[in-house]
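Have a look at the structure below, then the notes.
Every number here is computed from the coordinates shown, using simple stated rules; none is lab data. This structure is a prediction, so every number in the text was calculated from the model and none was measured. Cβ coordinates were reconstructed from backbone atoms using ideal geometry, including for glycine residues, and neighbour counts include every protein chain displayed.
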Amino acid sequence: MLDDLPVKKGSEVSIHIYDLHRQPHLFPEPDAFKPDRFYSGAPMHPYAFVPFSAGPRNCIGQRFAMLEMKFVISAICRNFRLSPKEKGYRPALLADMLIRPEGPVYVKFNRR
């Protein structure tokens, strides 16, 4: 069973991660930028946020990718103040294999 739907043996089931990460009962105000939601200490289901998939076939580079992202982002933020080139700009997003902006996103880097 998947909610109230019976699933026949041998059926393929796909989870749309983009929609999973925008469920209000898992993430209040899902489209708001709230990085503190991951540091609140509140218990979260281990499969509620799965940017690298989950289970025995998840991404083998997950830990390396997270470490690399933290290093690069912290280095940029220590040295630059970032702002959108156009005030109030919000890029349209495309959801295919990855969530990405529809077109280029221009950012101003001002040295600290």
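Points to keep in mind about this one:
- Of all beta bridges that DSSP places with both ends in the chain, some 90 percent have antiparallel geometry.
- Annotated for the chain: lysine pairs at least 8 residues apart or interchain, Cα distance under 20 Å, count 4.
- Longest exposed-site-free window of the chain, the sites being chymotrypsin sites (Phe, Trp or Tyr not before Pro) in a DSSP loop that have at most 13 other C-beta atoms within 10 Å: 48-88
- Stokes-Einstein D for the stretch 1-52, Kirkwood Rh over Cα pairs, 4 °C, 1.567 mPa s (µm²/s): 98
- A simple charge model with +1 on the Cβ of Lys and Arg, -1 on the Cβ of Asp and Glu and nothing else charged puts the dipole of the stretch 1-59 at about 240 debye relative to its Cα centre.
- Structure-derived percent of Cα pairs over 22 Å apart - corresponding label in (i) 54; (ii) 77; (iii) 29: (i)
- Amide H to amide H distances under 5 Å link F80 with R112, where only residues 5 or more positions off or on other chains count and H is placed in the peptide plane.
- The angle separating the long axis of helix 62-79 from the principal Cα axis of greatest extent in the chain is about 20 degrees.
- Local charge for R81 was computed over the other residues whose Cβ lies under 10 Å away, with Lys and Arg +1 and Asp and Glu -1, and equals +3.
- Across the chain, the mean sequence separation of Cα contacts (distance under 8 Å, 6 or more residues apart), normalised by length, yields a relative contact order of 18 percent.
- Positive-end residue, the stretch 1-59 charge dipole about Cα centroid, Cβ charges, pick of M44, L26, V7: V7
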